[in-house]
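What follows is one structure encoded as structure tokens, with my remarks underneath.
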Amino acid sequence: MPPKTRAGVSKRAANTGKEDDGETVGGKRKAAAPVEFGKKQVNSEAPRYSHWLMKSEPESRFESGIDGKFGIEDLKALPDQTDCWDGVRNYQARNFMRQMKDGQLAFFYHSDCKEPGIAGIMKIVKEAYVDHTQFDKKDIHFDANSEPDNPKWSMVDVQYQRMLKRFFPLSELKKYHLQHRAKGGPLKDMALFTSARLSVQPLTPEEFDFILSLEDKEPL
DNA sequence: GCCAACGTTGGC
DNA sequence: GCCAACGTTGGC
């Protein structure tokens, strides 16, 4: 149930709902999109991603009197170690969740905390369905502009898989990213850096595998 | 349909 | 706490 990022609903949202289907993202801006996912695909089909990274804030931070903290330890502690990833209020992030398939893996990323970085791995165990919090007036993610017969926001269920053998700090990932950008390598276009604020991001298998391989390496 | 203003994210 | 980056809104 925890809202994973603070993404509140904009008070100024006066949405007609027209931006909400398909791959087109809310904004019309050409979005500095070094990765192709921002663009509308000419031949319809959205690219099929197989791996993901999802951000959540593991440390307490009160907003409207509500603590949105949710780290990987919180997920691990739940019954079935499973939870719904509610509270996403960004179209790009939502659209990625809608592409997620049962059984796919996602990194659990800790954001907005002392040590941001990747903490562990989870699995998608339920594909996108209606995020109920958009209709709950008392929920911090309530969206007055979303109509029950045409809900704007979706969520997926995720299940804890395991912690990484060691934590991968953002700072370390960034060093690799910069190296790879200069000389080539799997992390050269990683969304964590090219679309830094996106809370749900796709990873290529190469990115995913490379990051996993760091488990057996010394911290850079 | 452009774009300035506003609000949020999230690293530092 | 600061503030750069950038998505979203809404005036024109």
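The values are calculated or read from the model by the stated rules, or taken from the named source; none is laboratory data. No experiment lies behind these values; they were computed from the predicted model shown. Every residue, glycine as well, gets a Cβ built from its backbone with ideal geometry; the counts of neighbours run over all protein chains shown. Note: accessible area is taken over every heavy atom of the protein model, side chains too, but ligands, DNA and RNA are not part of it. Shrake-Rupley method; radii C 1.70, N 1.55, O 1.52, S 1.80 Å.
For A:Lys69, which sequence-distant residues (separation of 5 or more, or a different chain) have an amide H within less than 5 Å of its own amide H, given hydrogens modelled in the peptide plane?
Distant-sequence amide H within range of A:Lys69: A:Arg61.
So, taking all protein chains as they sit and a 1.4 Å probe, how much accessible area belongs to A:His180, in Å² rounded to tens?
For A:His180, solvent-accessible area is about 20 Å².
Students often get this wrong, so check it: of A:Lys123/A:Lys188; A:Lys101/A:Lys217; A:Lys55/A:Lys174; A:Lys69/A:Lys138, which have C-alpha atoms separated by over 19 Å?
On the way: A:Lys123/A:Lys188 25 Å; A:Lys101/A:Lys217 30 Å; A:Lys55/A:Lys174 16 Å; A:Lys69/A:Lys138 17 Å.
Among A:Lys123/A:Lys188; A:Lys101/A:Lys217; A:Lys55/A:Lys174; A:Lys69/A:Lys138, the Cα-Cα distance tops 19 Å for A:Lys123/A:Lys188; A:Lys101/A:Lys217.
Going Cα to Cα from A:Lys114, which aspartates and glutamates come in below 18 Å? Please leave out same-chain ones fewer than 8 positions away.
Reachable aspartates and glutamates: A:Glu57, A:Glu59, A:Asp67, A:Glu73, A:Asp74, A:Glu172.
Tell me, what is the FRET efficiency for A:Glu63 and A:Lys183 to the nearest 0.05, using R0 = 30 angstrom and their Cβ-Cβ distance as r? Could the numbers behind the result be given before it?
Working: r = 42 Å, r/R0 = 1.39.
Working from the Cβ atoms, E equals 0.10.
Please list A:Asp102, A:Asp80, A:Asp86, A:Asp67 from largest to smallest accessible area, probe radius 1.4 Å, with all protein chains kept in place.
Details: A:Asp102 95, A:Asp80 120, A:Asp86 0, A:Asp67 55 Å².
So, going from the largest accessible area down, we get A:Asp80, A:Asp102, A:Asp67, A:Asp86.
Calculate one ³J(HN,Hα) per residue across segment A:167-174 by plugging θ = phi - 60° into the Karplus curve 6.51 cos²θ - 1.76 cosθ + 1.60, and present them in order as whole Hz with x for glycine and proline.
Taking θ as phi minus 60°, the curve returns 5, 9, x, 3, 4, 6, 4, 5 Hz for segment A:167-174.
Residue by residue through segment A:143-149, which ³J(HN,Hα) values in whole Hz follow from phi under the Karplus form 6.51 cos²θ - 1.76 cosθ + 1.60 (θ = phi - 60°), with glycine and proline marked x?
Per-residue couplings from phi come out as 10, 4, 8, 9, 9, x, 8 Hz.
Residue by residue through segment A:62-79, which ³J(HN,Hα) values in whole Hz follow from phi under the Karplus form 6.51 cos²θ - 1.76 cosθ + 1.60 (θ = phi - 60°), with glycine and proline marked x?
In residue order, the calculated couplings are 8, 9, 6, x, 10, 8, x, 4, 7, x, 5, 5, 5, 5, 4, 7, 6, x Hz.
After finding the eigenvalues of the alpha carbon gyration tensor for segment A:50-216, what semi-axes result from the square roots of 5 times each, listed largest first in whole Å?
Ellipsoid half-lengths, sorted descending, are 28, 17, 16 Å.
Given points 7 Å out from each Cα along the Cα-Cβ axis, report the A:Phe142 to A:Gln159 separation in nanometres with one decimal.
3.4 nm
Quote the charge dipole size of segment A:50-216 about the Cα centre in Debye, to the nearest 20; the model charges only the Cβ of Lys and Arg (+1) and of Asp and Glu (-1).
600 debye
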